[in-house]
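See structure below.
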Amino acid sequence: QVQLVESGGGLVQAGGSLRLSCAASGSTFVIGAMSWYRQAPGKQRELVARIDSSGSADYAASVKGRFTISRDNAKNSVYLQMNSLKPEDTAVYYCNTIAAPRTTPFSTYDYWGQGTQVTVSS
């Protein structure tokens, strides 16, 4: 089983910055793409950013130019640098990864962190 632990959330003023971190455990698994999702009250969960094992990244239009996703494969960690934060960015942010057991690499699964709260005040 892969376990994801997020950190770095908190309260910040509009225009400020936060850096989210997520570490994946599970040395017997091959870690593939890693992503950040977010969900605000009354809204559906949305993809914020995704990065594959080679470092190729994609972003939601609403955060492009403000957020940067990166990863450290040696640490099985993914990060989200959030700049120029807006009140609309307020949500619970979730780390996600696709992983496969080394013994059965053709079988892939999605794993989720517990979420970290980001609140942006005006």
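The values are calculated or read from the model by the stated rules, or taken from the named source; none is laboratory data. Being a predicted model, the structure only gives us computed values, none of them experimental. So basically every Cβ, Gly included, is an ideal-geometry build from the backbone, and we count neighbours across all protein chains shown. All accessible areas refer to the heavy atoms of the entire protein, side chains included, with ligands and DNA or RNA removed. Shrake-Rupley method; radii C 1.70, N 1.55, O 1.52, S 1.80 Å.
For the chain, with every protein chain kept in place, what is the accessible area per residue (1.4 Å probe, Å²)?
Dividing the accessible area of the chain by its residue count gives 54 Å².
Report relative contact order for the chain in percent, whole number only (criteria: Cα-Cα under 8 Å, sequence separation at least 6).
Details: 304 pairs, mean separation 43.6, N = 122.
After rounding, I find 36 percent.
For Lys64, go through the aspartates and glutamates and keep the ones whose alpha-carbon is under 19 Å away, minus same-chain ones fewer than eight residues off.
Glu46, Asp52, Glu88, Asp89
Which percent of the accessible area of the chain is formed by carbon and sulfur heavy atoms (probe 1.4 angstrom)?
49
Taking the highest mean first, how do the peptides 89-95, 104-110 order by number of other beta carbon atoms within 10 angstrom per residue?
89-95, 104-110
Output wanted: per-residue J couplings in Hz (rounded whole) for the range 70-83, from phi through Karplus 6.51 cos²θ - 1.76 cosθ + 1.60, θ = phi - 60°, x for Gly and Pro.
Rounded to whole hertz, the list is 8, 8, 10, 5, 5, 9, 6, 10, 10, 10, 9, 8, 10, 10.
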